[in-house]
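Trainee: So that we are looking at the same thing, I have put the structure below in structure tokens.
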Amino acid sequence: DTAVSQTPKYLVTQMGNDKSIKCEQNLGHDTMYWYKQDSKKFLKIMFSYNNKELIINETVPNRFSPKSPDKAHLNLHINSLELGDSAVYFCASSQGSRRETQYFGPGTRLLVL
Amino acid sequence: GEDVEQSLFLSVREGDSSVINCTYTDSSSTYLYWYKQEPGAGLQLLTYIFSNMDMKQDQRLTVLLNKKDKHLSLRIADTQTGDSAIYFCAETHSGYSTLTFGKGTMLLVSP
């Protein structure tokens, strides 16, 4: 009964490849997020979706494309992976304006070689 | 833009109190949070405080907010070795929430 789950947990790939990370939440929330945590542990918002619609799109290369097939899922597809994409990617969810209940997934550790 | 600053490292002995400090620049912050990240793990929400409060206590955790100085602190009473982790301060403001995080404070608790 995991609240926010991500797959895969680890991802090691070559530069130039295309990869996807999946996120699912079973909390009934309507807002989902992707955050990136770099090697210095700095966390930064990438995208936010509310009811399958993109509402926040920070300055992220257009190689990153989020997709939300339904309210419970938010996937992240990355094209032409670069070394600098190596990071931990966290998915999170919340219920609209209830900002105090933003729950995070366990993270996907991406290493680009 | 918004900025959240934290000291990077704190070392305490088991049984002592720990105080982790955070400053932020966005005066329109509505909620301020403390998250805990254990090694190799995700982020766990520890506690939060709404900007119209100045203190919140939850078991061993006490959050103090000085809105005038834009200063937030987290006090952990009777710190245990299991409290060793990185603690992130974060804030959000009006509109759909995204969290702006500090860079995290690594708390090391020694026996």
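Trainee: Averaged over peptide B:98-105, how many Cβ atoms belonging to another chain are found within 10 Å of each residue's Cβ?
Mentor: Rounded to a whole number, the mean comes out at 6.
Trainee: Now for a separate question. For segment A:1-53, list log₁₀ I(q)/I(0) at each q in 0.26 Å⁻¹, using the Debye formula over Cα point scatterers of equal strength and ignoring solvent, two decimals each.
Mentor: Listed by q, the Debye log ratios stand at -1.23.
Trainee: Give me the one-decimal nm value for the distance between modelled label points at A:Thr7 and B:Ala41, 7 Å along each residue's Cα-to-Cβ direction.
Mentor: Taking the two extended label points, one gets 2.4 nm.
Trainee: Now for a different question. Quick one: of A:Lys52/B:Lys67; A:Lys40/B:Lys36; A:Lys52/B:Lys56; A:Lys41/A:Lys71; A:Lys22/A:Lys71, which pairs are farther than 24 Å apart, Cα to Cα?
Mentor: From A:Lys52/B:Lys67; A:Lys40/B:Lys36; A:Lys52/B:Lys56; A:Lys41/A:Lys71; A:Lys22/A:Lys71, over 24 Å: A:Lys52/B:Lys67; A:Lys52/B:Lys56; A:Lys41/A:Lys71.
Trainee: Quick one: give the max-minus-min coordinate of the C-alpha atoms of segment B:1-67 along each principal axis, largest first, in Å.
Mentor: Principal extents (Cα only, largest first): 36, 25, 20 Å.
Trainee: Hey, rough spin-label estimate for A:Ser80 and B:Ser51, points 7 angstrom out along Cα→Cβ, what's it come to in nanometres?
Mentor: Rounded to a tenth, the inter-label distance reads 4.0 nm.
Trainee: What does the average come to when, for each residue of peptide A:102-113, you count the partner chain Cβ atoms lying within 10 Å of its Cβ?
Mentor: Across the residues of A:102-113, the mean count of other-chain Cβ atoms within 10 Å is 3.
Trainee: Give a quick list of trypsin sites (Lys or Arg not before Pro) in segment A:1-85 that DSSP marks as loop, anything other than H, G, I, E or B, with at most 10 other Cβ atoms within 10 Å.
Mentor: A:Lys40
Trainee: How would you classify chain A from its alpha-carbon gyration tensor, with a ≥ b ≥ c the square roots of the eigenvalues: rounded for a/c under 1.5, else prolate if a/b is greater than b/c, otherwise oblate?
Mentor: prolate
Trainee: Can you give the mean number of other chain Cβ atoms that lie within 10 Å of the Cβ atoms in peptide B:27-40?
Mentor: Per residue, the number of nearby Cβ atoms from other chains is 2 on average.
Trainee: For segment B:41-88, compute the orientation-averaged projected area of the C-alpha convex hull (one quarter of its surface), in nm².
Mentor: Averaged projected hull area, Cα only: 3.8 nm².
Trainee: With a cut-off of 12 Å, note down the residues of segment B:70-111 whose backbone N falls inside the zone around a label point 7 Å from the Cα of B:Ser28 toward its beta carbon.
Mentor: Hits in segment B:70-111 for B:Ser28 at 12 Å: B:93-96.
Trainee: Counting residues in the protein assembly as shown as N, plug N into 2.2 N^0.38 Å and put the Cα Rg over that result.
Mentor: It is 1.02.
Trainee: Can you work out ³J(HN,Hα) from phi for every residue in segment A:27-36, in order, using Karplus 6.51 cos²θ - 1.76 cosθ + 1.60 and θ = phi - 60°, giving whole Hz and x for Gly and Pro?
Mentor: Values per residue, Gly and Pro as x: 9, x, 6, 10, 10, 10, 9, 10, 10, 10 Hz.
Trainee: Mind checking which aspartates and glutamates have their Cα closer than 15 Å to the Cα of B:Lys70? Skip sequence neighbours fewer than 8 apart in that chain.
Mentor: B:Glu2, B:Asp3, B:Glu5, B:Asp26, B:Asp54, B:Glu91
No value in this document is a laboratory result; all are computed from the given coordinates. A quick note: this is a predicted structure, and the numbers were derived from the prediction, not measured. A quick note on method: Cβ atoms are made from the backbone with ideal geometry, for glycine too, and the neighbour counts reach across all protein chains shown.
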